[in-house]
Amino acid sequence: MPQVVRSPKVYDVCIIGSGAAGGTAAKVLAEGGLSVVMLEAGPALNPEKDFKEHVWPYQIPHRGGGIGGKLKHEVGDEFMAPNGAWEIDGEPYTSAPGSQFRWFRSRIVGGRTNHWGRIALRFAPVDFRSRSTDGMGDDWPLTYEEVAPYYDKVESYIGVFGTKENISSAPDGVFLPPPPPRCTETIVKKACDKLNIVCIPSRMAMLTKPLNGRAACHYCGQCGRGCLTASNFSSSQVMIPPAQATGRFTLITGAMAREIVVGKDGKAEAVAYIDKATRSEQRVHARAFMVAASACESARLLLNSRSTLFPDGLANSSGVVGRYLTDSVGSDAGGYFPQLEKMPPHNHDGIGGMHMYMPWWKFDRKNDFLRGYHIEFGGGRSMPGVGEFDGICERYEGYGASLKQRCRTMYGTHIGFAGRGEMIPNEKSYCDLDPDTVDQWGIPVLRFHWHWSDNEIKMAKDMQETFRSIVETAGGTFLSKAKPDGSRPYGIADGGVIIHELGTVRMGSNPKTSALNKYCQAHDVKNVFVTDAAAFVTNPDKNPTLTIMALSWRASEYLLDQAKQGSL
């Protein structure tokens with residue numbers, strides 16, 4: 001009797017990754033009528049079980065600091081919403097000799113959006129035309145005007161608070177009302193006014209009014225722990241549920257993508273992935289593929305997708321996959337403000353983040369460096385955590401009752417400042433496959449090469465000088481460990497630490513110098529799209545998540561149109 005061979009189910013679209021880009025694509029495509037399957041390397045998320053929004057420190061082992069305090073001052077302590085880690089057992093990465101790079105990876109539905117600052121800034125028109133402006137880097141193959149309608153769609157759907165300011169470096173958007181400034185923000189705002197530094201209400205993806213069935217923020221100030229009411233944005237709570245509601249969406253968790261498989265016709269036909277539960281290789285078939293695994297993970301997947309048709313990796317005939325890696329320029333400092341010691345204890349109502357920020361204000365003059373940066377800041381009497389008073393203990397001698405009293409007196413008197421600036425891509429910063437190292441699934445891992453140019457170091461210097469000016473003008477004492485020399489001149493953060501890595505599968509008009517077109521569609525393989533930050537051409541001083549979602553929404557609508565025309 002002949003064997004019956006059944007054809008595998010073929011979805012319209014397979015999405016790899018469930019974060020900002022993947023979740024946005026899932027919503028748009030499933031609601032648009034396509035059958036969608038999503039691969040996520042981590043487990044499902046259950047907010048009721050996984051979020052510790054209103055948990056007290058004494059209810060958590062080690063008060064949240066981890067065994068031996070190893071999680072003190074880390075992005076992911078035991079309170080934080082589950083979203084990833086700097087080191088993952090069995091999944092290493094390497095840095096080339098002389099390079100220092102840290103890679104924060106997520107392995108859970110929603111990815112990094114479960115815990116992020118939720119700063120939602122539009123790129124400015126000039127950000128898409130950098131080379132035309134100062135001769136460095138490259139222009140994008142699209143304009144602000146082409147992206148603006150998708151900024152509108154994203155902001156209108158997820159909810160972003162802010163104010164109309166008409167600042168050329170910080171375009172206005174579709175805003176909810178902002179929360180009022182707190183006492184610490186008022187102190188900084190007055191100093192900025194004296195220094196002619198622009199300081200305005202921040203733009204954050206948090207609801208100050210109910211929107212699309214989600215409740216307004218209740219101002220518990222613990223946004224980083226996850227939000228049971230979904231008042232702050234996460235892909236897991238805002239994008240994926242509407243996709244699931246269509247009945248056309250399938251989510252496969254614990255699926256570690258290994259390669260995109262290409263057919264004889266040169267088009268992608270399947271994703272080979274490792275089922276972590278069984279350690280077996282599986283395949284999912286689709287007519288089109290959206291790679292949204294995060295910039296470096298997406299580059300890794302394409303580089304590992306080698307075949308006779310694509311010996312250097314899928315969509316890499318240009319050789320740019322993995323190249324042009326950037327991260328935001330970051331440098332931090334703080335200030336001690338004695339006037340806050342006299343502030344009567346009160347409820348610092350507000351979000352778990354900044355109510356005000358400083359967009360780039362020196363765009364109208366010649367500076368010692370190209371491009372610009374913005375400043376994030378915050379302070380006040382937030383809930384103390386493990387390590388809260390480490391800085392005081394370092395600066396002052398004593399122990400017992402006297403030290404405890406000093407901690408109480410200085411509690412809430414610190415305001416921190418963080419600069420976030422634009423790195424210009426350079427040929428020494430990129431990722432490739434390590435020829436000698438694989439992960440526990442046998443998949444070759446990434447090796448990072450990293451270099452800060454003089455431009456970025458001069459920018460970090462300017463950040464430190466600005467922080468000092470603001471603190472001292474406000475009557476505070478400037479506190480910074482930054483030094484002009486050493487491995488981190490002027491306190492510049494190591495590559496990857498700001499967690500804004502991007503640019504590794506860049507878009508462009510010329511297939512010889514770019515991997516994607518302006519719709520995030522691969523030049524070489526028309527049914528493959530890369531919609532996360534890998535597609536970016538430049539790294540403006542704005543946090544990338546809002547633009548990731550806008551570009552993913554735009555690419556998804558383009559893919560929908562292609563499907564309707566039968567072009568997939």
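The values are calculated or read from the model by the stated rules, or taken from the named source; none is laboratory data. Since the model is a prediction, treat every value here as computed from it, not as a measurement. No Cβ is skipped: glycine too gets one built from the backbone with ideal geometry, and neighbour counts run over all protein chains shown. Ligands, DNA and RNA are excluded from the accessible area calculation, which covers all protein heavy atoms including side chains. Shrake-Rupley method; radii C 1.70, N 1.55, O 1.52, S 1.80 Å.
Set side by side, the residues L546, L551 differ, and just one is touching a Cys at 6+ places or on another chain (Cβ under 9 Å), at pLDDT 95 or above and assigned to a helix (DSSP H, G or I), which is L551. Within region 179-195, restricting attention to residues that are assigned to a helix (DSSP H, G or I) and in contact with a strand residue (DSSP E or B) (Cβ under 7 Å, 6 or more places away or on another chain), which residue is surrounded by the most Cβ atoms within 10 Å (Cβ to Cβ)? Ranking the candidates gives V188 first. For region 327-382, a residue qualifies if it is of a type outside the set (G, A, S), under 16 Å from M410 (Cα atoms) and touching a residue at least 40 places away in the same chain (Cβ under 8 Å), and the qualifying residues are Y336, F337, P338, Q339, L340, E341, M343.
In summary, L34 fulfils each of the numbered conditions (1) without any contact (Cβ under 8 Å) to a residue 24 or more places away in the chain; (2) open to solvent by 10 Å² or more (accessible area, probe 1.4 Å) with the single exception of condition (1). The single condition among (1) in contact with a helix residue (DSSP H, G or I) (Cβ under 8 Å, 6 or more places away or on another chain); (2) touching a residue at least 40 places away in the same chain (Cβ under 8 Å); (3) open to solvent by 20 Å² or more (accessible area, probe 1.4 Å) that R122 does not satisfy is (3).
Criterion applied to V238, V198 was being at pLDDT 95 or above, under 24 Å from M549 (Cβ atoms) and buried (at least 18 other Cβ atoms within 10 Å of the Cβ), and the one residue passing it is V238.
Any residue at all in region 505-512 that's touching a helix residue (DSSP H, G or I) at 6+ places or on another chain (Cβ under 8 Å), hydrophobic (A, V, I, L, M, F, W, C), closer than 15 Å to P425 by Cα and modelled with pLDDT of 95 or more? Yes: region 505-512 contains one or more residues that are touching a helix residue (DSSP H, G or I) at 6+ places or on another chain (Cβ under 8 Å), hydrophobic (A, V, I, L, M, F, W, C), closer than 15 Å to P425 by Cα and modelled with pLDDT of 95 or more. Scanning region 457-484 for residues that are assigned to a loop (DSSP other than H, G, I, E, B) and modelled with pLDDT of 95 or more yields A474, G475, G476, S480, A482, P484. How about region 548-568: which of its residues are open to solvent by less than 10 Å² (accessible area, probe 1.4 Å) and farther than 17 Å from G17 by Cα? The answer is L559, and nothing else. Scan region 91-117 and report the pairs whose first residue is open to solvent by 10 Å² or more (accessible area, probe 1.4 Å) and whose second residue is at pLDDT below 95 and among the aromatic types (F, W, Y), with Cβ atoms within less than 6 Å and a gap of 6+ or a chain change. Listed by first residue and then by second, the contacts come to R102/W86. Tally up the residues in region 331-373 that are open to solvent by 60 Å² or more (accessible area, probe 1.4 Å) and not in a loop (DSSP other than H, G, I, E, B), please. Within region 331-373, residues that are open to solvent by 60 Å² or more (accessible area, probe 1.4 Å) and not in a loop (DSSP other than H, G, I, E, B) number 4. Do you know which residues across region 204-219 are open to solvent by 30 Å² or more (accessible area, probe 1.4 Å) and not in a loop (DSSP other than H, G, I, E, B)? L211 - this is the single residue of region 204-219 that is open to solvent by 30 Å² or more (accessible area, probe 1.4 Å) and not in a loop (DSSP other than H, G, I, E, B).
A single entry from A255, A272 fulfils the requirement of being in contact with a Phe, Trp or Tyr (Cβ under 6 Å, 6 or more places away or on another chain) and small (G, A, S): A255.
Yes or no, residue by residue, for (1) under 22 Å from S298 (Cα atoms); (2) open to solvent by 50 Å² or more (accessible area, probe 1.4 Å); (3) in a loop (DSSP other than H, G, I, E, B); (4) not aliphatic (A, V, I, L, M):
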position: Q244; (1), (2), (3), (4): no, yes, no, yes
position: V261; (1), (2), (3), (4): yes, no, no, no
position: G266; (1), (2), (3), (4): yes, no, yes, yes
position: A270; (1), (2), (3), (4): yes, no, no, no
position: I274; (1), (2), (3), (4): yes, no, no, no
position: E281; (1), (2), (3), (4): yes, yes, no, yes
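Residue count for region 393-430, restricted to those that are of a type outside the set (D, E) and not in a helix (DSSP H, G or I): 21. Suppose we keep only residues that are more than 30 Å from V28 (Cα to Cα) and in contact with an Asp or Glu (Cβ under 8 Å, 6 or more places away or on another chain) within region 146-178. Which one would you say is surrounded by the most Cβ atoms within 10 Å (Cβ to Cβ)? Here the residue is E165.
For region 485-536, the candidate set comprises residues that are without any contact (Cβ under 8 Å) to a residue 40 or more places away in the chain and outside any loop (DSSP other than H, G, I, E, B); within that set, the residue that is farthest from A25 (Cα to Cα) is P489.
Specify the residue that is surrounded by the most Cβ atoms within 10 Å (Cβ to Cβ); the eligible residues are those in region 448-469 that are out of contact with any Phe, Trp or Tyr (no Cβ under 7 Å at 6 or more places or on another chain) and over 20 Å from N539 (Cα atoms). My answer is T466. Here N426 clears all of (1) buried (at least 18 other Cβ atoms within 10 Å of the Cβ); (2) assigned by TED's automatic domain parsing to the domain that holds S480 except the condition numbered (2). T308 fulfils the conditions (1) open to solvent by 40 Å² or more (accessible area, probe 1.4 Å); (2) touching a residue at least 12 places away in the same chain (Cβ under 8 Å); (3) of a type outside the set (D, E) except for a single criterion, (2).
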